[in-house]
Amino acid sequence: MKKILIILSLLYIFISPSHAVNNEGPATQYSINMTHLEMCETGSTESLCLNPVTIGIGDSGAIDIANTVAGATAASYGSLASIKFGVSYSYMQVTMKRLISIAGSVSDDTNTCYTSASDSSISTAVAGSTSSSDLATVNLYIGLTNNGNGNNMNSISAGDGTGTAQAVGVIDDDDEFVQFRGPLVAPITLKQGLIPTMTLAFGFSEALGYAGSDGGCAATEGETQGLYGSSPNVSITISY
């Protein structure tokens, strides 16, 4: 069986106020829910998915991307049967729920902050604990609700492709879904008679983020300080 490995790095880029520090750390549990997956034609950019074609739709169910063997498939989602033959695709666009379940830690120069308590408020970052014995799986949201989140992502009001998307880099605190784009290592063009299958695997080494004025584990109103969901990586394997 011929396999084409396409690696897509979907990295959230958070730009915080100049006085703040941002650190990222690994997760020991990281459960996500994908809701929509699209291929983007060549000519797309990190801020634009050109002529998107849906290849996966519907709630994927919770996928714990931190508890799979390195390189193993965490989930199979979608099919490439709907994309056009002879058309080149160079980007993918993924929509997923902002609310995730995660356990992990983030370190700075002075201490380590562990996830310890949930806060399901959509516009509030989460406080942690400096004690490893408090480590727990918590619910928190991906991103910080501001205008400086990088051109490869934005929030969206619905997860099925019908929602209203915010401008690039913007996460609105009313939106339950996030949409982000990443380039394929090389464009792919399907040929007649070859309908491949697709599987996805994930990485989680920088999945938990902490924003704050001095590190530590506190959280403040307005998401200027606290824990948030950061940057999972996605590997796409296409097999004929």
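Applied to the range 98-108, the Karplus parametrisation 6.51 cos²θ - 1.76 cosθ + 1.60 on θ = phi - 60° returns per-residue 3J(HN,Hα) values of 6, 6, 10, 10, 8, 10, x, 8, 10, 10, 10 Hz, with x for Gly and Pro. With the highest mean first, a sort of the peptides 164-174, 26-36 on other beta-carbon atoms found within 10 angstrom per residue produces 26-36, 164-174. Across the range 131-146, rounded Karplus estimates of 3J(HN,Hα) from the backbone phi angles (6.51 cos²θ - 1.76 cosθ + 1.60, θ = phi - 60°) give 9, 5, 5, 8, 3, 8, 7, 10, 9, 8, 9, 6, x, 10, 7, 8 Hz, Gly and Pro being marked x. Karplus-derived 3J(HN,Hα) values for the range 37-46, using 6.51 cos²θ - 1.76 cosθ + 1.60 with θ = phi - 60°, are 9, 10, 9, 10, 5, 4, x, 5, 9, 5 Hz; glycine and proline are entered as x. Put a dot 7 Å past the Cα of Thr162, heading toward its Cβ, do the same for Ser82, and the two dots end up 1.4 nm apart. Roughly to the nearest percent, how much of the accessible area of the range 96-157 is carbon and sulfur, given a 1.4 Å probe? Within the range 96-157, the accessible surface is 39 percent carbon and sulfur.
The values are calculated or read from the model by the stated rules, or taken from the named source; none is laboratory data. Bear in mind the structure is a predicted one, so any value in this text is a computation, not a measurement. Using ideal geometry, Cβ is built from the backbone for each residue, glycine included, and neighbour counts are taken over all protein chains shown. Each accessible area value is taken on the protein alone, full model and side chains, heavy atoms only, with ligands, DNA and RNA left out. Shrake-Rupley method; radii C 1.70, N 1.55, O 1.52, S 1.80 Å.
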